[in-house]
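Before any comments, here is the structure.
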Amino acid sequence: MPLRRLPLLAVVLVVASACSVLPAELRQELLPSQTQYKTAEAAYSVLIERHVDKPTSTTLIPGAIDGVVAYLKSASIDPSPTVARPDLTGSTWSDFAKLSATLDAVVARYPSADPKLIERAAVDGMARSLNECHTYYLDPERAATFNKPPAPVTGIGVTINKPDAASPIEVIDVIPNTPAERAGVKKGDKFMKVNGEDVANLTVQEVADRVRGPEGTAVTITFDRGGAAVELTITRARFTTPLTEAKPEGDLGYIKIKQLISNVADEAQQAAKTFVTEGKKGLILDLRDDPGGELSVAVDVASLFVRTGPLVYQTGRDGQRTPIDVNSRRYLGTDLPLVVLVNKNSASGSEIIAAGIQSSGAGTVLGGQTAGCVGSAQPRELPDGGLLLVTITEMQDAKTGADLNGPGKGIVPTLSAADDPATPNVDEGLQAAIGYLHKGA
């Protein structure tokens with residue numbers, strides 16, 4: 001589901017020529033290593049030099065090795081891989097040289113493994129070692145679609161998520177007018193089998209790869225729905241995922257935003273203006289399952305409802321705290337009651353919107369505690385054509401100053417509401433929002 005989406009910047013590594021009067025050991029301490037693993041080297045350098053938490057080799061190198069081990073297991077190359085773990089000193093480039101030697105040893109020991117995938121696994125492991133949601137690696141294939149509006153795809157039409165490592169993949173959204181909706185797939189359904197294969201312990205990507213297929217072909221999926229097995233055969237089709245949805249809910253206006261990219265702010269603004277013109281008595285902004293996107297889009301959406309002031313504060317690597325202010329040109333100028341719906345999958349930009357509306361008193365946040373994934377990340381191009389997202393700021397609540405990023409953090413709604421898996425055809429969160437607004441609160 002990655003916040004700040006800046007123009008892509010090339011990673012420039014300056015490798016000075018080693019002066020012949022320096023001992024080899026000292027040259028290794030002072031200079032980037034002369035390695036064949038340029039993608040890993042670039043990612044390592046960027047993380048050390050740019051990440052807000054100032055990581056060191058003693059965090060990144062073990063993470064890289066963990067990533068390689070995970071790849072060897074997942075690719076069925078070795079269920080119990082043997083990968084040496086070097087003694088680290090904390091010296092940036094001598095420790096990286098040790099990682100380079102470790103990767104050489106892995107390539108030699110496992111000739112059936114693709115060296116490029118081994119290196120990419122090391123990069124992924126380094127990013128994961130920082131244990132926060134805005135720093136991650138995208139391989140070249142996924143990087144090609146980064147922050148782009150959804151193109152027509154062939155599939156069944158669901159958004160899926162894995163809440164944690166011990167949980168199965170679950171459906172968090174069923175896209176309207178798609179094969180999944182027509183076949184009866186429900187939000188909250190959990191994947192058990194795809195074409196008879198047990199997928200309970202697979203990753204999101206692995207399940208998605210098994211569900212996708214050519215247009216017109218069928219896939220049989222067994223879901224766990226409230227403890228009962230439900231088997232559905234679904235014919236794949238071509239469709240485009242809309243980013244916004246706007247509809248009347250009686251005398252209220254409902255706007256759902258699925259991702260904060262492209263022209264979503266314009267679409268939300270037009271929908272809200274239409275509802276105001278039609279004389280609606282209140283507005284519901286649904287940010288449930290919204291993973292975020294571009295910071296500027298999040299600011300523009302929040303600014304529809306918040307007149308002045310900061311939405312949140314951000315703190316960078318240097319410790320300086322600066323406000324992220326509203327875009328005053330976007331303000332709608334309406335005093336209609338507003339409810340913002342959020343849940344555990346509302347992350348990043350959607351959390352900034354909810355935080356700004358809550359702290360300013362412009363509306364009421366309702367639902368479940370959000371993901372706690374509130375920061376800004378900068379994409380950096382890597383030599384393999386992939387992207388490394390690097391967290392460069394962390395964010396705080398504009399009213400309380402509380403950190404919003406991290407496990408157990410995020411936005412705590414003013415009013416709690418949760419969907420009941422036993423009633424998949426009832427949207428309890430939406431019903432609670434409608435009820436709250438009808439009470440005239």
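Each reported figure results from applying straightforward, stated rules to the coordinates on display, with no laboratory input. This structure is a prediction, so every number in the text was calculated from the model and none was measured. Glycine gets a Cβ as well: all are built from the backbone with ideal geometry, and neighbour counts include every protein chain shown.
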Exercise. Spin-label point model (7 Å from Cα, Cβ direction): what's the Gln431 to Thr400 distance in nm?
Worked result: 2.9
For this session: Would you work out if segment 308-382 is rounded, prolate or oblate? Take a ≥ b ≥ c from the square roots of the eigenvalues of the alpha-carbon gyration tensor; rounded if a/c is under 1.5, else prolate when a/b is larger than b/c, oblate otherwise.
Result: oblate
For this session: Order these peptides, 377-387, 397-407, by their mean beta-carbon neighbour count within 10 angstrom, highest first.
Result: 377-387, 397-407
Exercise. If you place +1 on the Cβ of every Lys and Arg and -1 on the Cβ of every Asp and Glu, how big does the dipole about the Cα centre of segment 325-404 come out, in debye to the nearest 20?
Worked result: 200
Exercise. Taking Cα centroids, how far is segment 336-370 from segment 68-125 in Å?
Worked result: 42
Problem set entry | In segment 182-265, GluC sites (Glu not before Pro) in a DSSP loop with at most 15 other beta-carbon atoms within 10 Å | Glu215
For this session: Only one of the values (i) 21.7; (ii) 25.6; (iii) 23.6 was calculated from this structure for Kirkwood radius over Cα pairs in Å; name its label.
Result: (iii)
For this session: Give me the number: length gained by fully extending Glu215 to Glu49, i.e. 0.36 nm times residue separation minus the C-alpha to C-alpha distance, one decimal in nm.
Result: 55.2 nm
For this session: May I ask what percent, to the nearest 5, of DSSP beta bridges between residues of segment 354-441 are antiparallel?
Result: 80
Exercise. How much of the DSSP beta bridge set in the chain is antiparallel, as a percent to the nearest 5?
Worked result: 75
Problem set entry | Ala70/Thr240 FRET efficiency (R0 56 Å; Cβ-Cβ; nearest 0.05) | 0.95
Problem set entry | Nitroxide proxy distance, nm - points 7 Å out along Cα→Cβ at Leu332 and Ser112 | 5.9
For this session: Could you run the Karplus curve 6.51 cos²θ - 1.76 cosθ + 1.60 with θ = phi - 60° over segment 124-130 and give me ³J(HN,Hα) per residue in whole Hz, x for Gly and Pro?
Result: 4, x, 4, 4, 5, 5, 7
Exercise. Ser91 versus Thr203, label points 7 Å from Cα toward the beta carbon: distance in nm?
Worked result: 3.4
